[in-house]
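The values are calculated or read from the model by the stated rules, or taken from the named source; none is laboratory data. Every value quoted in this text rests on a predicted model; they were computed, and no experiment measured them. Ideal geometry is used to build each Cβ from the backbone, glycine not excepted, and the neighbour counts take in all protein chains shown.
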Amino acid sequence: MLKRSTLFAAVATLALCGSVAARAQFAGTPDPSTFRDTSMLKPPAGQKVAIIEFFDLECPACRNAYPILKQVSAQAHVPIVHYDFPLNIHVWSKDAAIFARYLQDKVNPQLAEQYRTDVFQQQPAIGSKDDLQNYTRKWMAAHGQQMPFVVDPGGRFAAEVQADYALGQKLNVTRTPTIVVATANKWQIVSGSEGQGPGVNDVNRIYSIVEGAEKQTAGVTATPARTAVRKKS
């Protein structure tokens, strides 16, 4: 297995090459047939552009997209709004999402983000719920944390994950990762489209789409309206 820094650097390099080859611009709602209720596709308060992602920690495509999103977010100073969307076909993704919520709400949001990063990195070696439990226990010890005997006794964190999933269903998310670049009055799908054709769900397009969105919103005052956002980075 490649080290995280090596893997992510390689993916980011490929992404930069891909962005030059496919210069997708921010057209705004070019694929409205994919989604239903799009009212939540807006940036958080005080932001003009945002990356909105529905993801699954057990999804290989989400794992590949993760470092690309982080890089463009850091370079463009655009927030990522994450929503959990654990697919039913995956064995342990919902458990991982619940544990990440435990860390986010009870311990530290930065530690939760690190856990998600590390789970993505370890993903190919996690084949079962027991594998995830063992990995998480070791991860907690390595980060100076006490593993709780029961992570979610009242079901609070499971409810938060389910709320994200329900929001994705309302939007009509059918695959992961579903990634959208949004401004106050426009949005464009980067990945997750039901459309066909080469490159239609190529995550590398996000570089030029974000660039286009920023150009369109230059000089525009950020909207104060809030969206149903639970976490952003």
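Table for the structure above
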quantity	calculated
Residues of the stretch 99-119 satisfying the condition of being of a type in the set (A, V, I, L, M, F, W, C), surrounded by fewer than 23 Cβ atoms within 10 Å (Cβ to Cβ) and within 15 Å of the chain's Cα centre (by Cα)	Ala112
Qualifying residue in the stretch 28-41 (condition: assigned to a loop (DSSP other than H, G, I, E, B), under 14 Å from Val180 (Cα atoms), at pLDDT 95 or above and touching a Pro at 6+ places or on another chain (Cβ under 9 Å))	no
Per-region count, the stretch 77-89, residues more than 12 Å from Asp164 (Cβ to Cβ) and under 17 Å from the mean Cα position of the chain (by Cα)	5
Filter result (in a strand (DSSP E or B) and of a type in the set (Ser, Thr, Tyr)) within the stretch 76-111	Tyr83
Filter result for the condition that a residue is touching an Asp or Glu at 6+ places or on another chain (Cβ under 7 Å) and among the acidic types (Asp, Glu), over Asp131, Asp84, Asp95	Asp84
Selected residue [under 28 Å from Gln169 (Cβ atoms) and out of contact with any His (no Cβ under 6 Å at 6 or more places or on another chain)] from His77, His90, His143	His90
Residue selected from the stretch 147-184 under the condition small (Gly, Ala, Ser) and part of a helix (DSSP H, G or I), by the criterion nearest to Ala96 (Cα to Cα)	Ala158
Number of the exception - Phe35 against (1) out of contact with any helix residue (DSSP H, G or I) (no Cβ under 9 Å at 6 or more places or on another chain); (2) surrounded by 14 or more Cβ atoms within 10 Å (Cβ to Cβ)	(1)
Residue under evaluation Ala142, criteria (1) out of contact with any helix residue (DSSP H, G or I) (no Cβ under 7 Å at 6 or more places or on another chain); (2) surrounded by 16 or more Cβ atoms within 10 Å (Cβ to Cβ); (3) more than 23 Å from Cys59 (Cβ to Cβ), criterion not met	(2)
Test: residue in the stretch 95-102 that is among the β-branched types (Val, Ile, Thr) and either in contact (Cβ under 8 Å) with a residue 12 or more places away in the chain or in contact with a Gly (Cβ under 6 Å, 6 or more places away or on another chain) (or both)	yes
Close pairs from the stretch 43-65: first basic (Lys, Arg) and surrounded by fewer than 21 Cβ atoms within 10 Å (Cβ to Cβ), partner modelled with pLDDT under 95 and part of a strand (DSSP E or B), Cβ under 8 Å, at least 6 apart	none
Restricting the stretch 190-232 to residues that are hydroxyl-bearing (Ser, Thr, Tyr) and under 19 Å from Tyr165 (Cα atoms), the residue that is modelled with the highest pLDDT	Ser191
Members of the stretch 34-72 found to be in contact with a Ser or Thr (Cβ under 8 Å, 6 or more places away or on another chain) and among the aromatic types (Phe, Trp, Tyr), listed by number	Phe54, Phe55, Tyr66
